[in-house]
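These notes are about the structure you will find just below.
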């Protein structure tokens, strides 16, 4: 029966029951009042029964059978890393990488250069002088480290060299007297790439330079409006990926090793920084805020003969996990990268160094100290 019929009958019985109870309350004969009270209660019980019947939903019709269809393949932009993270509170088995990692840290009160084994053991402090020593990079043979320091000029950081054990620290002299940072060795060890901010039309502007390790042949590679900085060499040493603000925000560009054929790679309107070319030459890792309020590490396809000159924005893929900051990536091989992150911070922001699988599926914590700035890892197999 239609629920509205039940509701109508319940309403009629309720009114009759109310009348019977009223007669029982105000009647003059005792036996008649008792009888009316019994009738009124019976009518209200029937009212409740009908109301309950009306409120009970009818059984649902069986859903039609739908033939399963395959989900569409995700696009490159939709791919997210698989969050199977290693619990950093438990012992972890490091891959057989070997070699050493150099990085900067403020664990002893000021920014200095340290080195350690690939798994974080055997940490050695390499610099210990007044001033900041930062952004180190290994030479290809693992014998020399280039880094920036303001030890001799608190207003400008200069390039310095030292042996792998921290000995023979010496300044890399050049005609430049402004900041010299972001140093990266060429794959053949013949050049050091860096950026500096000499005055251009009375205003400081970062541009990319390269110089021989002996301080000779200083060469300017970029000369365009907006800062040009944070460069890195391709594995064959023929090209350089870098960051430029010539179009407003920080976008990735690539150019020949002599500064020619400058081409834009990204086109998303985000802030992209610190690109690092993969050892196989097929990808470029970089940090960006395109995942939201925090910075993550992404990869983009490297330019080749087929896509030369084209924007590669559509090939960008996220490697890390939103909600934390990840920065300063450095490739070990085509399967692993070192990077810095604040993912295990508690009350204070604390950047530690981690080892990340190149597909984003696993991350291993490498450093663990009371400082807040373990960053710019650089790996050598030596």
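What to note about this one:
- Each semi-axis of the equivalent ellipsoid for the range 235-305 is √(5λ) with λ an eigenvalue of the Cα gyration tensor; in descending order they amount to 21, 15, 9 Å.
- FRET efficiency, residue 267 to residue 216 (Cβ-Cβ, R0 51 Å, nearest 0.05): 0.85
- As a proxy for reagent exposure, ranking 320, 177, 144 by other Cβ atoms within 10 Å from fewest up yields 177, 144, 320.
- Length-normalised contact order of the range 84-380 in % [C-alpha pairs under 8 Å, at least 6 apart]: 14
- Counting every other Cβ atom within 10 Å of each residue's Cβ, 311, 115 order from fewest to most as 311, 115.
- Order of 210, 357 under a 10 Å beta carbon neighbour criterion, fewest first: 357, 210
- Stokes-Einstein diffusion coefficient of the range 84-380, Kirkwood radius over Cα pairs, 20 °C, 1.002 mPa s, in µm²/s: 111
- The stretch between residue 324 and residue 119, if pulled fully straight at 0.36 nm per residue, gains 71.6 nm over its current Cα-Cα span.
Taken together, the values in this text are just the output of simple stated rules run on the coordinates, not laboratory data. Values in this document were obtained by computation on a predicted structure and should not be read as measured data. Here Cβ is always computed from backbone atoms with ideal geometry, including for glycine, and neighbour counts include all displayed protein chains.
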